[in-house]
Amino acid sequence: MWPVQELLLAKVGITFTTRLHIQMTIIDRPLRITAILTLAGLASCASNPPPGPLCGVTPSPTSGWPTYDEGAFTVSLPPEYERVQTQGIDSQVGRWEAAGKEVTYDYGFYSNPLEQNEVTPMPGFMLCQDSGDSGAPRIIQHRPAEGGYAISAHWPDLHETESGMTESLTLGGVVQQAEDLGELLAIIQSVQIRVR
């Protein structure tokens, strides 16, 4: 912030409110203004990755995509995707398919944290973004054993239930053509989390 702006803002009372409900009146405290603006910025992007390239993949444009309300979150997909009926055992699940493409999610206590290990080796594993305190998801790219290309995201600890267990979301997709990876990344970046 430029010194002139700090001086002007320091002379008036300003109340900042974010999704975290941070409210402060600032008078003659220009340094605190900077801190509040930083907090406001972090709160506004806490539930989804910022649009832009990850792992060398540029997201596709999303204009005209329908948005699906899944309760705890919303997600937008290209119009050619059709919902496929699926049933979860201990969580809320969803699935959409288009020619040579699929997107799935699992919202619950045992959602896949997308960590490579002996049980889930994930050939071609690449960590694109790690989840952090800001609420951003862990995003990975890999090559499924059955073929194709995959990008997935995991939002940990989204909601704590009365029993003390936490619910998380894992959403990802598989495409047969590498040039469709941008579509998967755009789908992930369209997710808006509603629960916290």
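From (1) more than 27 Å from residue 98 (Cα to Cα); (2) in contact with a Phe, Trp or Tyr (Cβ under 9 Å, 6 or more places away or on another chain); (3) touching a residue at least 60 places away in the same chain (Cβ under 8 Å), pick out the condition that doesn't hold for residue 134.
Going through (1) more than 27 Å from residue 98 (Cα to Cα); (2) in contact with a Phe, Trp or Tyr (Cβ under 9 Å, 6 or more places away or on another chain); (3) touching a residue at least 60 places away in the same chain (Cβ under 8 Å) one by one, residue 134 breaks only (2).
Which pairs turn up if I take residues in the stretch 142-165 that are farther than 23 Å from residue 124 by Cβ and look for partners that are at pLDDT 90 or above and open to solvent by 30 Å² or more (accessible area, probe 1.4 Å) with beta carbon separation below 6 Å, at least 6 apart in sequence or on another chain?
The qualifying pairs are 157/166; 158/167; 159/167; 160/166; 165/109.
Please indicate, with yes or no, whether at least one residue in the stretch 176-196 is within 16 Å of the chain's Cα centre (by Cα), basic (Lys, Arg) and open to solvent by 60 Å² or more (accessible area, probe 1.4 Å).
yes
Given (1) open to solvent by 40 Å² or more (accessible area, probe 1.4 Å); (2) modelled with pLDDT under 95; (3) out of contact with any helix residue (DSSP H, G or I) (no Cβ under 7 Å at 6 or more places or on another chain); (4) within 27 Å of residue 124 (Cβ to Cβ), identify the lone condition not met by residue 51.
(3)
Could you count how many residues in the stretch 101-112 are over 14 Å from residue 173 (Cβ atoms) and part of a strand (DSSP E or B)?
Total satisfying the criteria: 2.
Of the residues 97, 115, which single one is assigned to a strand (DSSP E or B) and either modelled with pLDDT under 95 or surrounded by 12 or more Cβ atoms within 10 Å (Cβ to Cβ) (or both)?
Among 97, 115, only 97 is assigned to a strand (DSSP E or B) and either modelled with pLDDT under 95 or surrounded by 12 or more Cβ atoms within 10 Å (Cβ to Cβ) (or both).
Given 103, 84, which one is open to solvent by less than 80 Å² (accessible area, probe 1.4 Å), among the β-branched types (Val, Ile, Thr) and under 17 Å from residue 183 (Cα atoms)?
Step by step, each of 103, 84 is checked, and only 103 is open to solvent by less than 80 Å² (accessible area, probe 1.4 Å), among the β-branched types (Val, Ile, Thr) and under 17 Å from residue 183 (Cα atoms).
Which residue pairs have Cβ atoms closer than 6 Å, lie 6 or more positions apart in sequence or on different chains, and pair a first residue in the stretch 181-192 that is among the β-branched types (Val, Ile, Thr) with a second residue that is open to solvent by 10 Å² or more (accessible area, probe 1.4 Å)?
These pairs meet every condition: 191/48.
Restricting the search to the stretch 168-196, which residues are charged (D, E, K, R) and at pLDDT below 95?
194, 196
Against the condition of a type outside the set (A, V, I, L, M), in a loop (DSSP other than H, G, I, E, B) and farther than 13 Å from residue 183 by Cα, how does residue 78 come out, does it pass?
Taking the combined requirement at face value, the residue does not satisfy it.
Which ranges mark the strands (runs of 3 or more DSSP E) fully within the stretch 133-196 that have 3 or more residues being aliphatic (A, V, I, L, M)?
149-160, 166-175
The values are calculated or read from the model by the stated rules, or taken from the named source; none is laboratory data. This structure is a prediction, so every number in the text was calculated from the model and none was measured. Every residue, glycine among them, receives a Cβ derived from its backbone with ideal geometry; neighbour counts consider all protein chains shown. When the accessible area is computed, the model is the full protein with side chains, heavy atoms only, and any ligands, DNA or RNA have been set aside. Shrake-Rupley method; radii C 1.70, N 1.55, O 1.52, S 1.80 Å.
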